[in-house]
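In what follows, a structure is listed as structure tokens, so that the remarks can point back to it.
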Amino acid sequence: MKDLKSQLEGVKTAAIAGHIRPDGDCVGSCLATYQYLKRYHTEISVTLYLEEIPNKFKFLAGADEIVHSCEEEKTYDLFIAQDCGDIERLGDAARYFKTAKKTICIDHHISNSSFADINYIFPNASSTSELVFGLIGEENVTKEIAECIYLGIVHDTGVFQYSCATAKTMEVAGKLMEKGIPFSKIIDDTFYTKTFEQNKIMGKALLACERYSNDRIIASVVTAQDMETYHVLPRHLDGIVNQLRITRGVEAAIFLYESGSHSYKVSARSNGRVDVAAIAVKFGGGGHTRAAGFSIQGTLEEIMKTIVLEIEKQL
């Protein structure tokens, strides 16, 4: 696939969707593609399906048009899955993927299973948003689309600090800035700014962290009771695992939050020596070499022992 336009011949209806619990790259890339189709391919009726997105992303053009319900029976000419490694991660929108006449997957996760008819997957790309920039063409990037793509890149590169940010990434970011976007405000408002409650729960998580394997692994847990006490939801826990990762001497960071009875969501980060994506895949998750996630069940003691053992195999 050389560009997105080449795949649109004869398409009258299209659906776009990203992964469950959408993050910045998922939201940014999906909205960029959605706006592109609406602006330049008016002959196509397009719908964007995502779970509820964080409030901090709702300033993006088209955010108020996102559809959260997938209850209707529909068959689309084209379904575009973005920033998603497998069908299950599409959530309820997977039903439309399975019945679509043609499917495309645009993604950069190394764990992607190439589940679509056409798979545009580049694990070395900084983000799915960067891939979308190339697929729709710089000449078609409006200021509104640029804001979406820039936000996606910012969030998946940790404001350009992660190793996935390449010279090409910086070049693309520069071109987006030239579109007149409020780039500093996007970074401050969506990446750094935290609510009082978020700061409190991060403080709680940092105070409770523990080190393992001769201090090479650091981990922390937030329980359901903690989230209730501090009045936060899972989406408010962003940033905790990255703060753990930058602890001096640490090779891998693990952050868990309780999602049910003896059930936890796990975010894993690496400083280079550990391939956390390989570990995540073992537990039915996925992601990137240095950033991945998965769900796991068991007692907290059993879970920590299991994860630490898997990391130690690589150290």
### Message
Take the residues in the stretch 167-181 that are touching a residue at least 12 places away in the same chain (Cβ under 8 Å) and surrounded by fewer than 16 Cβ atoms within 10 Å (Cβ to Cβ); name whichever of them is nearest to residue 244 (Cα to Cα).
### Response
168
### Message
Could you check the stretch 207-236 and list, in sequence order, the residues that are part of a helix (DSSP H, G or I), over 19 Å from residue 303 (Cα atoms) and of a type in the set (A, V, I, L, M)?
### Response
207, 227
### Query
Which of the following residues is under 21 Å from residue 83 (Cβ atoms), hydrophobic (A, V, I, L, M, F, W, C) and open to solvent by 10 Å² or more (accessible area, probe 1.4 Å): 209, 164, 148?
164
### Summary
Considering the stretch 9-40, residues that are among the β-branched types (Val, Ile, Thr) and open to solvent by 20 Å² or more (accessible area, probe 1.4 Å), and then whichever is modelled with the lowest pLDDT, we arrive at 20
#### Entry: Any chance residue 43 is out of contact with any Leu (no Cβ under 8 Å at 6 or more places or on another chain), modelled with pLDDT under 95 and surrounded by fewer than 16 Cβ atoms within 10 Å (Cβ to Cβ)
no
### Task
Kindly indicate whether residue 220 is open to solvent by 50 Å² or more (accessible area, probe 1.4 Å) and either among the acidic types (Asp, Glu) or without any contact (Cβ under 8 Å) to a residue 40 or more places away in the chain (or both).
no
### Cross-chain or 6+ apart pairs with Cβ under 8 Å, the stretch 113-126 first and under 19 Å from residue 90 (Cβ atoms), then of a type in the set (Asp, Glu) and surrounded by 17 or more Cβ atoms within 10 Å (Cβ to Cβ)
113/86; 115/86; 119/107; 120/107; 121/107
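This table checks each residue for (1) out of contact with any strand residue (DSSP E or B) (no Cβ under 9 Å at 6 or more places or on another chain); (2) farther than 21 Å from residue 143 by Cα; (3) of a type in the set (S, T, N, Q).
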residue: 52; (1), (2), (3): yes, yes, no
residue: 67; (1), (2), (3): no, yes, no
residue: 75; (1), (2), (3): no, yes, yes
residue: 86; (1), (2), (3): no, yes, no
### Query
Does residue 201 satisfy being part of a loop (DSSP other than H, G, I, E, B), over 19 Å from the mean Cα position of the chain (by Cα) and within 30 Å of residue 148 (Cβ to Cβ)?
no
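Going residue by residue through the stretch 274-288, is there one that turns out to be part of a strand (DSSP E or B) and open to solvent by less than 10 Å² (accessible area, probe 1.4 Å)?
So far as the stretch 274-288 goes, yes, one or more of its residues are part of a strand (DSSP E or B) and open to solvent by less than 10 Å² (accessible area, probe 1.4 Å).
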### Query
Taking the stretch 82-97 as the search range and keeping residues that are of a type outside the set (D, E, K, R) and touching a helix residue (DSSP H, G or I) at 6+ places or on another chain (Cβ under 7 Å), which one is surrounded by the fewest Cβ atoms within 10 Å (Cβ to Cβ)?
87
#### Entry: residue 71 being of a type outside the set (S, T, N, Q) and either surrounded by fewer than 21 Cβ atoms within 10 Å (Cβ to Cβ) or at pLDDT below 95 (or both)
yes
### Task
Please state which one of 246, 311, 254 is among the aliphatic types (A, V, I, L, M), open to solvent by 10 Å² or more (accessible area, probe 1.4 Å) and closer than 22 Å to residue 164 by Cα.
246
### Query
Does at least one position in the stretch 120-135 carry a residue that is small (Gly, Ala, Ser), under 17 Å from the mean Cα position of the chain (by Cα), under 21 Å from residue 62 (Cβ atoms) and open to solvent by less than 30 Å² (accessible area, probe 1.4 Å)?
yes
## Note on the structure
Restricted to the stretch 151-161 and to residues being more than 22 Å from residue 7 (Cβ to Cβ) and touching a Gly at 6+ places or on another chain (Cβ under 9 Å), the residue surrounded by the fewest Cβ atoms within 10 Å (Cβ to Cβ) is 155
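The values are calculated or read from the model by the stated rules, or taken from the named source; none is laboratory data. The structure displayed is predicted, hence computed values, not measured ones. So basically every Cβ, Gly included, is an ideal-geometry build from the backbone, and we count neighbours across all protein chains shown. The area values use the complete protein model at the heavy-atom level, side chains included, leaving out ligands, DNA and RNA. Shrake-Rupley method; radii C 1.70, N 1.55, O 1.52, S 1.80 Å.
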